[in-house]
Amino acid sequence: MCLGIPGEIIEVLPDRPDLARVNVSGVRRAINIGLLEGEQLSPGDWILIHVGFALSKIDEEEARSALEFLEGIGQAYADELQALQESKIE
Amino acid sequence: MSPPGMSEQRSAAWAEAAVAEHEDHELAQYPSGREHPSREQQVLERIERARRRKPKIKEERITLAHGAGGKATHTLIEAVFLEAFRNPLLEQLDDGAVFTADGARLAFTTDSFVVSPLFFPGGDIGELAVNGTVNDLAMSGARPTYLSAGFILKEGFPVADLQRIASSMARAAEAAGVQVVTGDTKVVQRGKADGCYINTTGVGLIEHGLTLGPSQVRPGDAVLVSGPIGDHGITIMLARGELDIETDLTSDTAPLHGPVEGLLAATTGVRCLRDATRGGVATILNEVARASDVAVVVDERAIPVRDEVRGASEILGIDPLYVASEGRFVAIVDGAKAETALDALRSHPLGEGAAIIGHVKDDPPTLVLLKTEFGGTRIVDVLIGDPLPRIC
Amino acid sequence: MRFVDEYRDADKAGALAAKIASMCEPGRHYKFMEVCGGHTHTIYKHGLEDYLPESIQLVHGPGCPVCVIPMGRVDDAIHIAEQPDVIMTSFGDMMRVPGGRGSFFDSKAAGADIRMVYSPLDALKIAKGNPDKHVVFMAIGFETTAPSTAVTVLRAVAEKVENFSIFCNHVTIIPAIKAILESPDLRLDGFLGPGHVSTVIGCRPYEFIARDYGRPLVTAGFEPLDILQSIYMVLKQLAEGRCEVENQYTRVVPWNGNLKALQVIGQVMELRPYFEWRGLGFISHSALKVRQEYASFDTERIFDLPGVRVADPKACQCGEVLKGVLKPWECKVFGTACTPETPIGTCMVSSEGACAAYYNYGRFSRERVKEATRA
C-alpha cells in the first residue's frame, strides 16, 4: 500500500518551519516535513510524499548507484547479444 | 474464532444475495460438465457472460457514481431511461441523435452543466455549457446552428455572477458560430440547488454523407486524439481547493467544430468522433470496442499528457486516461488515412498537439489494451465511478 | 518526472528480464509474495508480468489497508457518520468500500456528511472551519500513514481543537506477514518487502522472516524496475544459497527507518490486543488504537459503536488468495458475484487488491493479447 511520490523542495516556509512548498512535475503543495527532524532540508532536495507528509529524504547518491547497476546489466546484456551475433557471423 | 466481546455476528445480506444470484446463472449455463480448453479461459468466459448480462441497478438511491460517466452511469441509462424511452435513435446511445427532417440531416443533442466551482482557471460554467453542446453536435459531424439555454438558479445567487456567466456564453456562442435562440429560467429555494445549473440543447446541420459512430469502427482503423488529455478534469479537481494543490494548469474547454470540419474535409475515412469528457479517453475507447466488437490497442507512450496533469495524477493516484477534457476529442479513422487525418488535425490551432495513439484489431473483441511505457500490456477497463484520489 | 521515469525504462527492463530468466533453475517453480498492495498495483498497471518467465509466480499479499478493514468497522464508521452534527472524513480509497449495509457513498447519498481528504491535516482544517460540528477522521493505513495521523492528533492538542477525533483503524504489517508464514499451506519462496512502510519501520523488523522461517526478503521500491530488480535480488539469494533481508529501495528506505515517525506513533497510539483483518481473521497485536492520554480525540471513546462483526460470505476465498494458495481467478465467485462494482471479498475491494488488480488489468488471455499488441 501507500502511495509515495517524489517531490522537489521549492522552499521551506520561513514562518512555518514544519512546512515546505514542494513541486511535483509542475504541481505544487505545502508538505509537512516535521517527520524529517534532524535532516538538513533545502530547496532542490527531493523528498518522498505520503498524504501530505514527507516520510523520507531521497538519497540521490543511492538512486544513482541503483541506476548504474541497472545500466550495467543492460550493458552486459547488450555485449552478450553482440558476442552472440558475432559468433554466428564467424 | 471470535475474541471475547465480539459474539454478535451477522452476514452481509447484499453479498449473500449476489452470490446466490450468480450461482443460479452458472447452473443454467453449465447443465453438465462440458470440457473447456483451460480453467482460466473458462473463468474468463464466465466473466464475459456476467458482464454482458442485462444491467441492473443494485443501489436503492442515486449516488455520485451514477453521474460520473462510467459503468454506473451506463447501467442507469440502460436500466432506467432506455427501458422507458426505447426507440431506434436513442438505442444508439450516441452523443446526439441524427435524423432527417424535410430532406435535411439534423443532429440534435442536450447536455446539463453542474460544474463546481462555477468559475475556474481557463473558463466558467457558461463557456462550458455552450462548448459542450457545440462539441456534441460537432462529434455527430454536424455544423452547430442553434442552441437553447435553461438556467436553474438558487435563491440568493448574485446577479453579477449570472451576468458574467451570460456574457461568457455569448462570447462562446459567437466563437462557435451559433445563436442562443430560446431559453428558460427557474429559481429554487436556498438549499435545493448549488448556485447555478445550466442545460443547453442544440441543433446542427449535417452536410456530408458519412455515418459516424462507435459501431462504425473496424479492424485496421487508427485511433487519434486531438491534443493533450485531462487538463480540464485536473484543473477542476484542483480548483475546488480541497486538495490544496496549486498549478498553472487551465481548462482546455473549446469549441471543436473547427478541427472536426477540417478533418472531415481532408478525408472520408472518418469512422467515429467523440469528445473525451466524463470518463476520459478510456471510457470512449471502451464504448467503441464494445459497440464495434473489436479490440482497441493503445500505446501509452504515444498519449499526449502534460507534465502537470501527470504530476497531479501521480499525487492523487489517478489515471489521466479517465480524466475529462472539454476541448479534446478522439477520432477513429481508416488506418490508411491516419497520417492525412493527423495532418488535418494538426493544421488547426485546437489540434496542434494531436497524435496517433493506437490501432483497432479484431481480437480480443470488446477489450481496450494498453501497451505500457514500461513495455508490458494491460487492460484499460471501464471506470466504475469518478476517479477518486487514493493514498494506497 | 525525476525518480519516476528513470525506473520505467523498457530497455533496462528487457535486459533485467533476460538476466532473471537465466537465473531460474530449469524445472523449478518460484512463488514470491509482494506484501504491499502498492506493488500489486505497479505490477498490473505497467504489465510487469510480461517480463517474467512462466516459472515465476507473484502472489499478491495482504498489504492493502483499505481491503483488510472488516465490514463491521465500515458499518461502525457509517453509524458515526449518521449521528447528528458529525462530519466524517477519510481518504478517497474508503468511499466505495462496502460494509454489511453499504458504503460511505451510499450513506452520503442518504444524507450523511462524508468528505474526502488528501491528508489528515485537511480533516483537522475542516474541524477548525466547522466549530459547531464534530469532525471524525477515519484513519486507515499501515505504519506509513500512522505517523501522519499521530502528528495530526498532536496538532489538534496544540491548537486546542475540541471538535475533532480519529476513528483509528491503523494496522501493522509484521503480524500479518507472520500470520501468512504460520499458515500450514504456505508455499512461498521469498518476499518483496513493503517499501513505503519500511521508510518508517526500516528493514530490521523483517529479519525474523529470513532467520526463523528461512525465506529471503528484499525491500522493494514502487516503480516497475524497482520490482524487477527486487525479484532479481531474491532469485540471486536463492541461487547463492543465502537467505537475508536486503534493501533494493535504498534511495528512500534507511535501514533503521524513521525514528521520529516511530516516536510520534508511540506517543499517540498503542497496540490493540487483537484486530480483525478481512480474509485473514483475528490477528493479535496487529493494529493501533489511541492512547488513554488522548481519549478526547478517540472516536471509539466518544461514540457508542455497534461493534457488530459481519462475516464474509462462505463462497468468498480471499484467505486462500492472500496466502497464495489460489490465484484470483480460481476463486468460485471471482468476476461473477464478486466484481470491483460489488466487491464481496477483501481482494476485490480496492484497485490494490489482488483480485481487483487482476480483474481490472489482467483479465485476458495472454496469447491473444500478445498477438494483438504485436507491432
**Message:** Multiplying the sequence separation of B:Thr211 and B:Phe81 by 0.36 nm and subtracting their Cα-Cα distance, what value in nm do you get?
**Reply:** 44.3 nm
**Asked** To the nearest 20 debye, what charge dipole does chain B have about its Cα centre, counting +1 at the Cβ of each Lys and Arg and -1 at the Cβ of each Asp and Glu?
**Response** 560 debye
**Prompt:** Which residues of the range B:313-343 end up with at least 30 Å² less accessible area in the presence of all protein chains than when their chain stands alone, using a 1.4 Å probe?
**Reply:** B:Glu314, B:Ile315
**Request:** Go ahead and set up a Gaussian network model of chain B, Cα springs under 10 Å, then flag whichever of B:Val98, B:Val223, B:Val180 fluctuates most.
**Result:** B:Val180
**Request:** Nearest 100 Å² is fine: how much accessible area is buried between A and C, summed over both sides, with a 1.4 Å probe?
**Result:** 3500 Å²
**Request:** Could you please state, rounded to a whole Å, how far the C-alpha centre of the range C:117-170 is from the C-alpha centre of the range B:197-254?
**Result:** 37 Å
**Prompt:** Between B and C, buried accessible area summed over both sides at probe 1.4 Å, in Å² to the nearest 100?
**Reply:** 6600 Å²
**Fill in**
In terms of the alpha carbon gyration tensor, root eigenvalues a ≥ b ≥ c, rounded if a/c is under 1.5 and otherwise prolate when a/b exceeds b/c or oblate, the range C:173-257 is oblate
**For the range A:59-73, residues shielded by at least 10 square angstrom of accessible area compared with the chain on its own, probe 1.4 Å** = A:Asp59, A:Glu60, A:Glu62, A:Ala63, A:Ala66, A:Leu67, A:Phe69, A:Leu70, A:Glu71, A:Ile73
**Item:** ³J(HN,Hα) computed for each position of the range A:29-41 - Karplus, 6.51 cos²θ - 1.76 cosθ + 1.60, integer Hz, glycine/proline x
**Value:** 8, 7, 10, 6, 10, x, 7, 9, 3, x, 7, 7, 10
**Message:** Could you tell me which residue out of C:Val234, C:Gln248, C:Leu259 lies farthest along the dipole of the range C:222-261 toward its positive end? Charges go on the beta carbon: Lys and Arg +1, Asp and Glu -1, centred on the Cα centre.
**Reply:** C:Leu259
**Request:** Give me the percent of the accessible area of chain B that comes from carbon and sulfur atoms, probe 1.4 Å, all protein chains in place.
**Result:** 51 percent
**Request:** Please state, as a whole number in µm²/s, the translational diffusion coefficient that the Stokes-Einstein equation yields for the range C:206-356 at 4 °C and 1.567 mPa s, with Rh defined as the Kirkwood radius across alpha carbon pairs.
**Result:** 68 µm²/s
**Fill in**
Everything considered on the Cα gyration tensor (a ≥ b ≥ c; rounded for a/c under 1.5, else prolate if a/b is larger than b/c, else oblate), chain C must be described as prolate
**Fill in**
Restricting to Cα pairs under 8 Å and 6 or more apart, the percent relative contact order of chain B works out to 19 percent
**Request:** Treating cross-link reach as a plain straight distance, find the lysines whose alpha-carbon is under 20 Å from the alpha-carbon of C:Lys108, omitting any fewer than eight places away in the same chain.
**Result:** B:Lys58, B:Lys71, B:Lys192, C:Lys133
**Item:** Candidates C:Glu244, C:Glu320, C:Glu182: whichever shows maximal mean-square fluctuation once chain C is modelled as a Gaussian network with Cα springs under 10 Å
**Value:** C:Glu182
**Request:** Please tell me the relative contact order of the range A:5-86 in percent, rounded to the nearest whole number, where contacts are Cα pairs under 8 Å and at least six residues apart.
**Result:** 24 percent
**Asked** When only the heavy atoms of the protein chains count and the probe is 1.4 Å, how do C:Ser22, C:Ser230 rank by accessible area, highest first?
**Response** C:Ser22, C:Ser230
**Fill in**
Charge dipole of the protein assembly as shown built from unit charges on the beta carbon (Lys, Arg +1; Asp, Glu -1), centred at mean Cα; most positive-end Cα among C:Phe334, B:Ser168, B:Ala266 is C:Phe334
**Item:** Cβ-placed point charges (K, R +1; D, E -1), dipole of the protein assembly as shown about Cα centre in debye, nearest 20
**Value:** 1480 debye
**Request:** Determine ³J(HN,Hα), in whole Hz, for all residues of the range A:50-67 in sequence, where each value follows from phi through the Karplus function 6.51 cos²θ - 1.76 cosθ + 1.60 and θ = phi - 60°; x replaces Gly and Pro.
**Result:** 9, 6, x, 10, 8, 9, 6, 8, 6, 8, 5, 4, 5, 4, 5, 5, 5, 5
**Asked** B:Val296's amide H: which non-local residues (gap 5+, or another chain) put their own amide H closer than 5 Å, with H modeled 1.01 Å from N in plane and none for Pro or chain starts?
**Response** B:Lys361, B:Leu367, B:Val368, B:Leu369
**Request:** Calculate, in nm to one decimal, what C:Arg242 and C:Val308 gain on full extension: separation in residues at 0.36 nm each, minus their alpha carbon distance.
**Result:** 19.1 nm
**Request:** Give the interface area between chains A and B as buried accessible surface, both sides summed, probe 1.4 Å, in Å² to the nearest 100.
**Result:** 1300 Å²
**Message:** Taking every DSSP beta bridge with both residues inside the range A:5-86, roughly what % is antiparallel (nearest 5)?
**Reply:** 95 percent
**Fill in**
Kirkwood radius from Cα pairs of the range C:33-177 plugged into Stokes-Einstein at 37 °C, 0.692 mPa s, gives D in µm²/s equal to 198 µm²/s
**Dipole of chain B, positive direction: furthest Cα of B:Ala101, B:Ala354, B:Asn87, with charges on the beta-carbon** = B:Asn87
**Item:** Portion, in percent, of the accessible area of the range C:233-375 that falls on carbon or sulfur, probe 1.4 Å
**Value:** 50 percent
**Prompt:** Under a 5 Å amide H to amide H cut-off, with H placed in plane at 1.01 Å, what residues pair with B:Glu246 once short-range neighbours are removed?
**Reply:** A:Arg28, A:Arg29
**Prompt:** If you roll a 1.4 Å probe over the range C:93-205 with all protein chains in place, what percent of the accessible area is carbon or sulfur?
**Reply:** 50 percent
**Asked** Over the Cα atoms of the range B:259-392, what is the Rg over Rh ratio if Rh follows Kirkwood?
**Response** 0.96
**Fill in**
Heads up, the range A:1-56 by the C-alpha gyration tensor (a ≥ b ≥ c square roots of eigenvalues; a/c under 1.5 rounded, else a/b over b/c prolate, else oblate) looks oblate
**Antiparallel %, DSSP beta bridges [both residues in the protein assembly as shown], to 5** = 60 percent
**Asked** Where a Cα-Cα gap under 19 Å defines reach, which lysines qualify for C:Lys178, not counting those fewer than 8 residues away within the same chain?
**Response** C:Lys31, C:Lys323
**Request:** Please sort C:353-359, B:72-78, C:221-227, B:238-244 by packing, taking for each peptide the average over its residues of neighbouring beta carbons within 10 angstrom, highest first.
**Result:** C:353-359, C:221-227, B:72-78, B:238-244
**Fill in**
Measuring from its Cα centre, the range A:5-86 shows a charge dipole (+1 at each Lys and Arg Cβ, -1 at each Asp and Glu Cβ) which, in debye to the nearest 20, is 640 debye
**Among C:Gln317, C:Gln57, C:Gln292: highest mean-square fluctuation, GNM of chain C, C-alpha pairs under 10 Å** = C:Gln292
**Complete:** Residue-ordered couplings for the range B:139-146, obtained by feeding phi - 60° into the Karplus form 6.51 cos²θ - 1.76 cosθ + 1.60 and rounding to whole Hz (Gly and Pro as x), are 5, 7, x, 9, 8, x, 10, 10
**Fill in**
Taking R0 as 56 Å and r as the Cβ-Cβ distance between B:Arg301 and C:Gln292, the FRET efficiency 1/(1 + (r/R0)^6), rounded to the nearest 0.05, comes to 0.55
**Complete:** Distance in nm between B:Lys186 and C:Asn130 label points, each 7 Å along Cα→Cβ, equals 2.8 nm
**Request:** Taking only protein heavy atoms into account and a 1.4 Å probe, give the accessible area per residue of the protein assembly as shown in Å².
**Result:** 39 Å²
**Percent breakdown of C-alpha pair distances by 20 Å bin, ordered from the shortest bin, for the protein assembly as shown** = 14, 47, 33, 5, 0
**Item:** Interchain or long-range residues, amide H under 5 Å from C:Val325's placed H
**Value:** none
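The values are calculated or read from the model by the stated rules, or taken from the named source; none is laboratory data. Given the structure is predicted, the values throughout are model-derived calculations rather than measurements. Don't worry about glycine lacking a Cβ; one is built from the backbone with ideal geometry, like all the others, and counts go over all protein chains shown. We work out accessible area using only protein heavy atoms, side chains counted, and drop any ligands, DNA or RNA first. Shrake-Rupley method; radii C 1.70, N 1.55, O 1.52, S 1.80 Å.
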